[in-house]
1. Do the alpha carbons of any pairs in 105/127; 22/191; 85/105; 89/191; 105/176; 5/116 sit beyond 21 Å of each other, and which pairs?
2. Taking the radius of gyration and the Kirkwood hydrodynamic radius from Cα positions alone, what is the Rg/Rh ratio for the stretch 16-134, to two decimal places?
3. I want to check the label-to-label distance for residue 158 and residue 22. Put each point 7 Å from Cα in the C-beta direction and report it in nm to one decimal.
4. Report P(r) for the chain: all Cα-Cα distances, bin width 10 Å, range 0 to the bin holding the largest distance, values in whole percent.
5. Leaving out ligands, DNA and RNA, what percent of the accessible area of the chain is carbon and sulfur, probe 1.4 Å?
6. Ignoring ligands, DNA and RNA, what accessible area per residue does the chain give at 1.4 Å, in Å²?
7. What length, rounded to one decimal in nm, is gained on full extension from residue 62 through to residue 38, with 0.36 nm per residue of separation minus their alpha-carbon distance?
8. Of 157, 82, 149, which is the most mobile in a GNM of the chain whose springs link Cα atoms less than 10 angstrom apart?
Amino acid sequence: MGYCKICFSEINKKGINGILFKNTICQNCYNKFPVSFNKRFINEIEVISIYEYDETMKKLIYQYKGCFDIELGSVFLERHLLELKIKYKGYVIVPVPSWEESNQKRGFNHIVEIFKFIGIPIFPCIKKKYDFKQSNLSKIEREKINQKLVLEDYKILKNKKVLLVDDVISTGSSIKACLELIKKGNPKRIKCLVICGNCRNM
């Protein structure tokens, strides 16, 4: 017997979902997830967003990241793990960076905690030079985000298939900046996967 990590109701382990998935959320909660798997391209790189960034996902991500609810880390990908493991087999994950002091305060890196469940190597090799919130930056400042980031070890990505990951994409500025850095490492291939996407402003 298990209980939903979102609504705490009992999870029905019977049926096809109970057989295929190690469920930590109930079917009622999952039905509210705005699954889209939208594909778009940024600088010719494939970017897939699993969900639309609607009110349901805003609240869930805030509870997870803003309220330090680490238990929710597993809920975003659990119904798609098999598909993702197959699609990104042979890749290494590079997370879009978060400020180290924020990670320490939270007790975990919220992006790493989500994507570790895919089960492929994670290289947190891009760092912020200093703390900043993208929402506080002007359009011109967002275009210069690459000046606020650093790739610590270019050699680690050489000839690798790299999967850049993030929780939310809005304007795409952080993704673009990270892609510029990753390309300097001469990877074999680059793709990008985000939990929620809202790229109307890109």
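1. Correct reply: 22/191; 85/105; 105/176.
2. 0.95
3. For the pair residue 158/residue 22, the computed spacing is 3.7 nm.
4. 8, 34, 38, 16, 4, 0
5. For the chain, the apolar C and S fraction of the accessible surface comes to 51 percent.
6. On a per-residue basis, 54 Å².
7. 6.4 nm
8. Looking only at 157, 82, 149, the largest GNM fluctuation is found for 82.
The values are calculated or read from the model by the stated rules, or taken from the named source; none is laboratory data. This structure is a prediction, so every number in the text was calculated from the model and none was measured. Neighbour counts run over all protein chains shown; Cβ positions are idealised from the backbone, glycine included. Surface accessibility is based on the protein's heavy atoms, side chains included, excluding ligands, DNA and RNA. Shrake-Rupley method; radii C 1.70, N 1.55, O 1.52, S 1.80 Å.
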